[in-house]
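**Q** Below are the structure tokens for one structure; questions will follow.
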Amino acid sequence: MRLRVPYVLFETGTGEYGVDAYFSLRVEKPERRATLIRKAEDLVRTGEKPMGALLKGESVVEYLTSLFVLLYELSGESFNERTRHMRRWNIWRLIGIPTGHQRHVDRDEELAKKNREALLALAILRKVLGAKTPVELEGVTIRPLGYAFLEFDVDGGNVSDPVYRELFKIDSNAGMALPWLRTKKREE
């Protein structure tokens with residue numbers, strides 16, 4: 001089945017991009033929203049708002065700035081959580097209290113994965129917006145350009161687009177939203 005996913009186009013000082021207007025509001029974790037931003041040249045422009053677009057063109061500025069601030073905070077919080085965990089574990093270990101080595105290693109790996117995901121998402125937004133910190137966002141100009149869509153094939157578990165293929169594997173909310181988009185496309 002061929003899907004048409006709606007996108008909102010915008011321009012910053014670093015170029016023209018599009019943000020997914022459907023799945024970006026349905027994913028489980030905000031860190032995954034940044035992966036749904038693409039260069040505008042990969043998208044097919046359209047004159048009117050596509051069916052199924054949950055994100056409006058005029059709200060893209062607020063959406064991107066709030067996502068940047070959220071990811072900036074998440075990347076620091078997850079790192080702090082990881083260091084607190086390691087600090088407590090090392091104190092227990094030095095005192096000689098057995099707390100289960102593998103349990104702590106597993107927890108540290110989970111926290112490291114969470115931190116990496118937040119840092120990678122923040123790096124994407126830093127590149128797109130051209131700002132390093134939330135304070136620098138005041139000088140960034142984001143101009144909405146309209147709408148577009150991305151077409152790709154979905155055949156059972158096979159998805160032709162690598163970003164969406166990985167998203168559907170790791171994010172249950174995005175996978176559950178897929179049938180609704182299919183239904184909407186059949187009605188058109």
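**Q** I need to check one value: relative contact order of segment 65-139, counting alpha carbon pairs closer than 8 Å and at least 6 residues apart, in percent.
**A** In percent, rounded to a whole number, it is 49.
**Q** Cα-Cα over 22 Å: which of 29/114; 56/169; 49/127; 29/113; 56/132?
**A** 56/169; 49/127; 56/132
**Q** A further question on this structure: Write out the chymotrypsin sites (Phe, Trp or Tyr not before Pro) in segment 1-108 meeting two conditions: DSSP loop, and at most 11 other Cβ atoms within 10 Å of their Cβ.
**A** The qualifying sites: there are none.
**Q** Then there is this: What number, rounded to the nearest 500 deg cm²/dmol, is the helix-based mean residue ellipticity at 222 nm of the chain, given -39500 (n - 2.57) per DSSP H run of at least four residues and division by all its residues?
**A** -16500 deg cm²/dmol
**Q** At 1.4 Å probe size, put 140, 61 in order of accessible surface, largest to smallest.
**A** Highest to lowest solvent-accessible surface, that is 61, 140.
**Q** What is the ratio of the Cα radius of gyration of the chain to 2.2 N^0.38 Å, with N the residue count, to two decimals?
**A** 1.22
**Q** Considering only DSSP states other than H, G, I, E and B, which GluC sites (Glu not before Pro) in segment 1-57 qualify as loop sites with at most 11 other Cβ atoms within 10 Å?
**A** The qualifying sites are 48.
**Q** Anyone know which of 177, 40, 53 comes out most mobile in the 10 Å Cα GNM of the chain?
**A** Top of the fluctuation ranking is 177.
**Q** Distance from the Cα centre of segment 104-142 to that of segment 1-47, in angstrom?
**A** Here the answer is 18 Å between Cα centres.
**Q** Whole number in Å², please: accessible area per residue of the chain, 1.4 Å probe, ligands, DNA and RNA not counted.
**A** Dividing the accessible area of the chain by its residue count gives 56 Å².
**Q** Same structure, new question: Go ahead and set up a Gaussian network model of the chain, Cα springs under 10 Å, then flag whichever of 157, 146, 57 fluctuates most.
**A** Top of the fluctuation ranking is 157.
**Q** OK, next. Once you have the alpha carbon radius of gyration of segment 1-63, what is it after dividing by 2.2 N^0.38 Å, with N set to its residue count?
**A** 1.07
**Q** Tell me the GluC sites (Glu not before Pro) within segment 109-161 that lie in a loop according to DSSP and have at most 10 other beta-carbon atoms within 10 Å.
**A** none
The values are calculated or read from the model by the stated rules, or taken from the named source; none is laboratory data. Note that the coordinates shown come from a computational prediction; the quantities given were computed from them, not determined experimentally. Positions of Cβ are generated from backbone atoms using ideal geometry, with glycine treated the same way; all protein chains shown enter the neighbour counts. These accessible areas exclude ligands, DNA and RNA; they are computed on the full protein's heavy atoms, side chains included. Shrake-Rupley method; radii C 1.70, N 1.55, O 1.52, S 1.80 Å.
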